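What follows is one structure encoded as structure tokens, with my remarks underneath.
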Amino acid sequence: MTQLINKSGFYIILIVVYLCSFSACNSSKYLKENQTFLKKNKVIIESKSNIDQKYLLKTNLKNLIEQKPNGRTLFFTLPKEYVYYRNTEPGDSSWYNRFFLKYMAEPPAIYDSISTKRSADAIRNYLVNKKGYYNATVEVEEKRKKHSTEVKYIVDPKDRYKINSIEYFGDDTEVINTIESINNEALIKKGDYIDATAFDLELTRLSLALQNKGYANFATNYLSIKGDSSLNNSGVDIFMELLPPLPDTFHQKFTVGNINIYTDFHRDQDTSKLDYSFFNTVKYHKQGSNFLVKPKAIDNAIFLKPGTIYNRDSRTKTRKKLSELGTYRFVTMSARLDEVHDSIINYDILLTPFQKKWVADFGWDFFISSISQSSDGNNRVLGLSLSNQMKNRNFLGGAEQFTVSSQVGLELQFNSNNATSFIRSRTFGVNAALQIPRQRNLLEKRPLINILGIINDDTFQQFKENTTTTISAGFTFADLIDNFSRSAVNAAYTHNFKPNSTSRFIIRQLGLEYNDYELSPTFFDQIKDNPLLLRSFDDNLLTGVFFRDITYIYTKPVNAAGNSYTFIANFEWSGIEKYLTNKLYNTISGSNTEWTLNNNIEFAKYFRFEIDPRFYEFFSDKHSFAARAYAGIIIPFGGSDAAPFFKQFSVGGPNSMRGWDQKELGPGAYSDLLLNPIENQTFFQTGDFKLEVNLEYRFDIVYVLEGGLFLDAGNVWTLKDNTDRPGAKLSSTFLDEIAVSAGYGFRFDFTYFNIRFDFGYKLRNPFPFGETTRYWYNWDEIKEQKFGNFQVAVNYPF
């Protein structure tokens with residue numbers, strides 16, 4: 001691999017030498033007389049008053065500038081306009097010329113003063129017409145050097161106008177009354193700043209609201225907004241006029257008529273000869289003797305009801321829920337006016353099923369990681385896993401999806417110097433899951449939280465409409481050769497609730513998992529003097545009878561400023577029902593009995609909580625910044641001394657602290673394994689508390705090759721004293737025990753996935769080392785790490 005990296009570096013240098021040959025990458029020699037390159041655009045906002053969201057306004061104004069300066073490529077070493085010039089000379093028509101032009105070049109940005117004037121006019125028009133800065137001024141300053149020009153757009157927005165009043169008027173009093181009845185939800189109000197985007201959103205809101213109240217054909221062009229600022233000091237009177245569909249007509253209000261659902265539709269089907277039956281006043285048609293999907297199952301996805309006022313949201317939800325039924329490939333909804341009553345809309349819903357009931361899917365994953373503490377620095381771990389999945393799209397005739405999946409994995413440790421290798425670990429898993437396309441209570445009873453009023457009826461109705469239920473069971477076997485093996489059997493009853501496009505709740509109402517450990521004699525001897533670590537390998541049963549865990553995921557889409565974020569939180573418990581029942585029994589009986597299963601299998605009792613916020617800033621389509629902060633804690637209770645090993649936290653590896661191997665770092669300031677490494681060591685350092693921060697700058701290099709610079713900081717700690725691992729416990733000095741690594745990486749982006757090559761360097765140990773008992777590595781020690789801790793993985797770590 002080192003040779004590969006060296007060759008890659010050689011080829012990059014060769015490209016740079018080729019492109020810069022004989023000219024020192026000097027683009028200015030191609031300029032004509034009086035021509036200069038546009039070097040920089042700068043927007044300066046000068047205002048005596050405060051400006052809301054000044055950064056966002058500045059970003060929007062900068063986007064209005066027509067002419068952009070040229071960028072650089074190949075690690076910011078080559079001006080893109082120079083690459084363009086070098087590959088458009090007479091006779092430049094070879095494949096490599098075309099390659100450079102497509103992936104590394106840009107037409108030169110020759111400064112154009114006319115374009116600058118247009119940009120200044122566009123900025124002022126935006127401020128006046130879109131943002132309410134009616135007296136804004138924009139001045140341009142050009143700073144010209146020998147071969148380049150810098151442009152400053154100096155913007156003085158002056159006072160921003162506000163809404164003084166809002167009045168609605170029109171001849172259709174029924175619609176006007178409806179609009180005024182929903183004014184409490186208005187997006188524009190008296191005192192708000194003038195903002196064209198807010199006005200557009202308000203028109204859209206009114207249009208959708210009226211469509212939800214029966215006005216199916218209502219659109220934003222039936223509302224006209226005018227303003228009068230002549231009588232007010234920095235204020236505007238807003239007049240919103242309701243326009244008729246045609247002169248002397250009123251807006252029609254519609255009701256839902258007949259609904260026909262063709263449950264097994266295909267293109268050549270003669271729909272007039274199909275059998276049918278009614279369910280909840282909806283007519284279901286079928287071609288065969290039996291329904292492909294039971295009408296009762298389809299009815300859960302039908303929100304349009306015959307005889308009710310037309311509601312756009314009901315139509316949208318019907319299409320969405322029908323499309324989510326995995327049985328159907330296409331869903332077509334056709335609306336038509338009733339032949340007798342023109343205020344009634346009838347619907348034909350055509351459901352085209354997939355031709356194949358069973359489908360198969362296969363996947364793979366891999367990683368390569370250095371073992372940074374090996375004596376010769378040439379030990380590597382290769383991890384490879386293969387998975388397959390078989391899915392039945394309509395298992396029980398109610399659009400249920402039944403999935404059987406399996407996965408096998410191996411970790412192979414090898415030494416590139418002596419060409420030795422051995423299997424480090426192996427895993428196998430099989431899982432079966434039945435997904436029901438609706439919310440199903442475990443006991444078919446109304447939830448207690450709804451009965452007690454913790455969530456109201458509207459929220460519970462939303463939960464019922466946007467939830468799927470999954471019943472699953474599985475088996476997993478993991479064997480860390482010469483250390484320990486774990487066999488696990490699990491079962492779960494899970495709700496997946498998606499209230500909107502940005503939020504998701506995964507609620508495991510019932511969860512059971514039995515874990516059986518087998519410790520090798522070597523591993524037992526290694527940890528036998530560490531009672532806390534030894535207890536974490538006890539055979540155990542994880543339980544959650546009424547509640548097991550909940551995961552919340554929120555994803556904010558990229559906004560106008562180019563940033564977005566994701567927030568992930570998880571809370572779980574185990575053993576709380578058993579603990580409370582045991583406690584109640586002991587209180588009533590006056591005993592002090594601890595319930596256990598046969599063979600000393602322990603009921604695992606713990607609380608576990610973790611949060612994982614992530615932030616993304618997209619400077620352009622070629623440069624971005626990503627950040628992640630992670631915190632997690634697990635607390636045993638009810639007599640449990642240690643949490644289960646596989647539920648504890650760890651750091652290191654290709655998706656965490658990339659300067660260290662998986663589970664190599666920590667806990668806390670514990671240092672024996674890092675300062676006194678053992679050849680072919682398998683790491684198992686975990687903790688009850690984890691803090692980690694990751695920063696990463698990502699950028700395009702050329703074609704599918706991307707680059708990255710990253711910084712990782714974090715560690716894990718135990719919550720209890722651990723005499724066998726001094727320094728492991730969380731204390732007031734935990735900030736001194738934060739480890740830091742940094743590095744660079746190359747990523748090959750293949751659109752649907754990328755392959756990531758990261759090189760992590762240790763910068764700071766969580767404990768003092770060396771003769772001067774320092775934490776930070778000096779430059780010579782960083783250089784001794786050569787290519788660092790080499791990690792290969794699929795996709796970004798966050």
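Tabulated data for the structure shown
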{"quantity": "Pair list, Cβ under 6 Å, 6 or more apart: the range 229-246 residue in contact (Cβ under 8 Å) with a residue 40 or more places away in the chain, other residue charged (D, E, K, R) and part of a strand (DSSP E or B)", "calculated": "GLY235/LYS162; ASP237/ASP228; PHE239/GLU167; PHE239/LYS226"}
{"quantity": "Cβ pairs under 6 Å, 6+ apart, first in the range 337-364 and within 23 Å of LYS320 (Cβ to Cβ) and touching a residue at least 60 places away in the same chain (Cβ under 8 Å), second open to solvent by 90 Å² or more (accessible area, probe 1.4 Å) and aromatic (Phe, Trp, Tyr)", "calculated": "THR352/PHE330"}
{"quantity": "Single residue of the range 332-350 satisfying the filter (open to solvent by 40 Å² or more (accessible area, probe 1.4 Å) and of a type in the set (Gly, Ala, Ser)) that is nearest to SER272 (Cα to Cα)", "calculated": "SER334"}
{"quantity": "Neighbours by Cβ (under 7 Å, 6+ apart or cross-chain): first from the range 88-117, closer than 28 Å to ASN63 by Cβ; second open to solvent by 90 Å² or more (accessible area, probe 1.4 Å) and aromatic (Phe, Trp, Tyr)", "calculated": "TYR103/TYR703"}
{"quantity": "The range 769-798, residues that are part of a strand (DSSP E or B) and modelled with pLDDT under 90", "calculated": "PHE769, ARG774, ASN789, PHE790, GLN791, VAL792, ALA793, VAL794"}
{"quantity": "Entirely in the range 520-614, the helices (runs of 4 or more DSSP H) that have 1 or more residues that are of a type in the set (A, V, I, L, M, F, W, C), at pLDDT below 90 and under 17 Å from ALA643 (Cα atoms)", "calculated": "521-527, 531-535"}
{"quantity": "Considering residues of the range 338-353 that are at pLDDT 95 or above and among the hydrophobic types (A, V, I, L, M, F, W, C) only, the residue farthest from ILE261 (Cα to Cα)", "calculated": "ILE344"}
{"quantity": "Residue list for the range 247-265, restricted to those being among the polar types (S, T, N, Q) and touching a residue at least 24 places away in the same chain (Cβ under 8 Å)", "calculated": "GLN252, THR255, ASN258, ASN260, THR263"}
{"quantity": "In the range 635-645, the residues that are crowded, with 17+ Cβ neighbours inside 10 Å and out of contact with any helix residue (DSSP H, G or I) (no Cβ under 6 Å at 6 or more places or on another chain)", "calculated": "PRO636, SER640, ALA643, PRO644, PHE645"}
{"quantity": "Residue pairs meeting the criteria (Cβ under 8 Å; at least 6 apart or on separate chains; first more than 30 Å from ILE179 (Cβ to Cβ) and without any contact (Cβ under 8 Å) to a residue 40 or more places away in the chain, in the range 143-168; second acidic (Asp, Glu) and surrounded by fewer than 18 Cβ atoms within 10 Å (Cβ to Cβ))", "calculated": "LYS143/GLU150"}
{"quantity": "Residue list for the range 110-152, filter: hydrophobic (A, V, I, L, M, F, W, C), closer than 28 Å to TYR82 by Cβ and surrounded by fewer than 20 Cβ atoms within 10 Å (Cβ to Cβ)", "calculated": "ILE110, ILE114, VAL140"}
{"quantity": "Residue check for VAL175: in contact with a His (Cβ under 8 Å, 6 or more places away or on another chain) and among the hydrophobic types (A, V, I, L, M, F, W, C)", "calculated": "yes"}
{"quantity": "Total residues in the range 451-473, condition under 30 Å from the mean Cα position of the chain (by Cα) and either among the aliphatic types (A, V, I, L, M) or under 29 Å from PHE422 (Cα atoms) (or both)", "calculated": "4"}
{"quantity": "Hits in the range 65-99 (condition: of a type outside the set (D, E, K, R) and open to solvent by 60 Å² or more (accessible area, probe 1.4 Å))", "calculated": "PHE75, PHE76, THR77, TYR84, THR88, PRO90, GLY91, SER93, TRP95, TYR96, PHE99"}
{"quantity": "Test for ILE755: is it assigned to a helix (DSSP H, G or I), surrounded by 14 or more Cβ atoms within 10 Å (Cβ to Cβ), in contact with a strand residue (DSSP E or B) (Cβ under 6 Å, 6 or more places away or on another chain) and not aromatic (Phe, Trp, Tyr)", "calculated": "no"}
{"quantity": "Selection count where residues are open to solvent by 40 Å² or more (accessible area, probe 1.4 Å) and assigned to a helix (DSSP H, G or I), scope the range 312-331", "calculated": "9"}
{"quantity": "Lone qualifier among LEU730, LEU709, LEU719 - being among the aliphatic types (A, V, I, L, M) and closer than 26 Å to LYS783 by Cβ", "calculated": "LEU709"}
{"quantity": "Complete set of residues in the range 142-168 that are over 28 Å from ASN233 (Cα atoms) and among the charged types (D, E, K, R)", "calculated": "GLU142, LYS143, ARG144, LYS145, LYS146, GLU150, LYS152"}
{"quantity": "Flag for GLY652 being modelled with pLDDT of 90 or more, in a loop (DSSP other than H, G, I, E, B) and open to solvent by 10 Å² or more (accessible area, probe 1.4 Å)", "calculated": "yes"}
{"quantity": "Whichever residue in the range 560-579 is without any contact (Cβ under 8 Å) to a residue 60 or more places away in the chain and open to solvent by 40 Å² or more (accessible area, probe 1.4 Å) and, among such residues, is farthest from GLN53 (Cα to Cα)", "calculated": "TYR579"}
{"quantity": "Lone unmet requirement of (1) at pLDDT below 95; (2) over 30 Å from ALA301 (Cα atoms); (3) of a type outside the set (S, T, N, Q) for ILE176", "calculated": "(1)"}
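Okay, residues lined up against (1) aromatic (Phe, Trp, Tyr); (2) open to solvent by less than 30 Å² (accessible area, probe 1.4 Å); (3) under 16 Å from PRO654 (Cα atoms); (4) under 24 Å from the mean Cα position of the chain (by Cα):
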| position | (1), (2), (3), (4) |
| --- | --- |
| LEU711 | no, no, yes, yes |
| ALA728 | no, yes, no, no |
| LEU735 | no, no, no, no |
| PHE748 | yes, no, yes, yes |
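The values are calculated or read from the model by the stated rules, or taken from the named source; none is laboratory data. Just so we're clear, the structure is a prediction, and the values are computed from it rather than from any experiment. Reconstructed Cβ throughout: ideal geometry from the backbone, glycine too, with neighbour counts over all protein chains shown. The area values use the complete protein model at the heavy-atom level, side chains included, leaving out ligands, DNA and RNA. Shrake-Rupley method; radii C 1.70, N 1.55, O 1.52, S 1.80 Å.
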